[in-house]
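Derivation of every value follows stated rules applied to the coordinates shown; laboratory data play no part. Values in this document were obtained by computation on a predicted structure and should not be read as measured data. Note that we place each Cβ from the backbone using ideal geometry, even for glycine, and neighbour counts take in every protein chain shown.
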Amino acid sequence: MTALPTASRIRRAVLPVALCAGLAAGPTACASDPDEGTNGVGKLEATAIEQKAQSAADTAKAVRLAGTLVSKGGTYKLNMRLKQDGASGSVTTKNSTFELLRIGEALYLKADAGFWAHDDKASEGTASGGGSGAPSESDDADSEAADKLDDKYVKVPQDDPSYKQLRGFTDMDLLLDGLIGLHGEVVKGDRDKIGGIRTVKVKGGEDGEGGTLDVALDGTPFPLRFARGGGAGVVVLSEWDKDFPLEEPSKDQTLDYGKQLPRA
């Protein structure tokens, strides 16, 4: 014959259930703490969360940045690994893709022949009514130069006008400063997950018109995704503090073009 539980045991078992049922209409409803097991950043005010994310980014040694940026009417797709003394990765524009490698101040650009070739002289002559648009000796020289540069690492001279612009894609501090800053009144948004990591959103303005930043709730509060306001692009930031090697390209894969790169 099975022994029945005593009245006192029944009361002890039922009491927690009754309490939870009675609190079901309350704010917690006996649910688990959403910040349990997190780094606690989700409990902070929006401005404090943003500051934590910026501090974490400022002290990081490396990061991967991948996504799309819209700037000055142009769209750039970036996939860059960045650290303080250099970077490597690719940039894709509407018409081409090129690779960048920076080791210290030495900057290398690698692209196919189509990137280096340009037909602007012929098209300008046709548009203005002058010239036949037929290939010229200059066009042949451009084509020959493009073939030589095809799929080679070309060292960008530091006094070349394009050096500063291209270097900007490889500058960790410059990119992060320009990408994770929110504009307007900062407000806290919803919880989410980026790459399996729990996040809390902070937004510039109620609708995120000043940008939306996802900040990690697991581990260090790194920024994991930034959506720029006005549809100006979304970037994902990952592999924080994960080092990677940077090696000079071999001599047979490198060309020193000279004082200035050809127009591209």
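When Lys and Arg each count +1 and Asp and Glu each count -1, what net charge do the other residues less than 14 Å away from Asp151, Cβ to Cβ, add up to?
-2
Under 5 Å between amide hydrogens, which residues at least 5 positions from Asp112 or on another chain qualify, with H placed 1.01 Å from N in the peptide plane?
Asp151
Which of Lys61, Lys72 comes first, and how do the rest follow, when ranked by fewest Cβ neighbours within 10 Å?
Lys72, Lys61
Using the Karplus equation 6.51 cos²θ - 1.76 cosθ + 1.60 (θ = phi - 60°), what ³J(HN,Hα) coupling, rounded to whole Hz, does each residue of the range 33-38 give in order, writing x for Gly and Pro?
Whole-Hz 3J(HN,Hα) from phi for the range 33-38: 5, x, 9, 5, x, 9.
Using the Karplus curve 6.51 cos²θ - 1.76 cosθ + 1.60 with θ = phi - 60°, work out ³J(HN,Hα) for each residue of the range 160-176 in order, rounded to whole Hz, and write x for Gly and Pro.
Listing the rounded values in order: 6, x, 7, 4, 4, 5, 5, 4, x, 6, 10, 9, 4, 5, 4, 5, 5 Hz.
Work through the residues other than Gly230 whose Cβ is under 12 Å from its Cβ and net out their charges, Lys, Arg +1 and Asp, Glu -1. Write out the running numbers ahead of the final one.
Details: positive: Arg228; negative: Asp207, Glu209.
Around Gly230, the surrounding residues sum to -1.
Lys and Arg at +1, Asp and Glu at -1: add these up for the other residues within a Cβ distance under 9 Å of Arg81 and post the number.
So the surrounding residues net to +2.
Beta carbons within 10 angstrom, averaged per residue: use that to sort the peptides 37-45, 246-254, highest first.
The peptides rank, most packed first, as 37-45, 246-254.
Going by C-beta contacts inside 10 Å, put Leu213, Leu78 in order with the fewest on the left.
Least to most surrounded, the residues fall as Leu78, Leu213.
For Ser32, project a label point 7 Å along Cα to C-beta. Then give me every residue of the range 186-220 with its amide nitrogen under 14 Å of that point.
So the set is 198.
Please give every one of the lysines within straight-line cross-link reach of Lys193, meaning a C-alpha to C-alpha distance under 29 Å, and leave out same-chain neighbours fewer than 8 residues apart.
Lys43, Lys52, Lys61, Lys77, Lys83, Lys201, Lys203, Lys242
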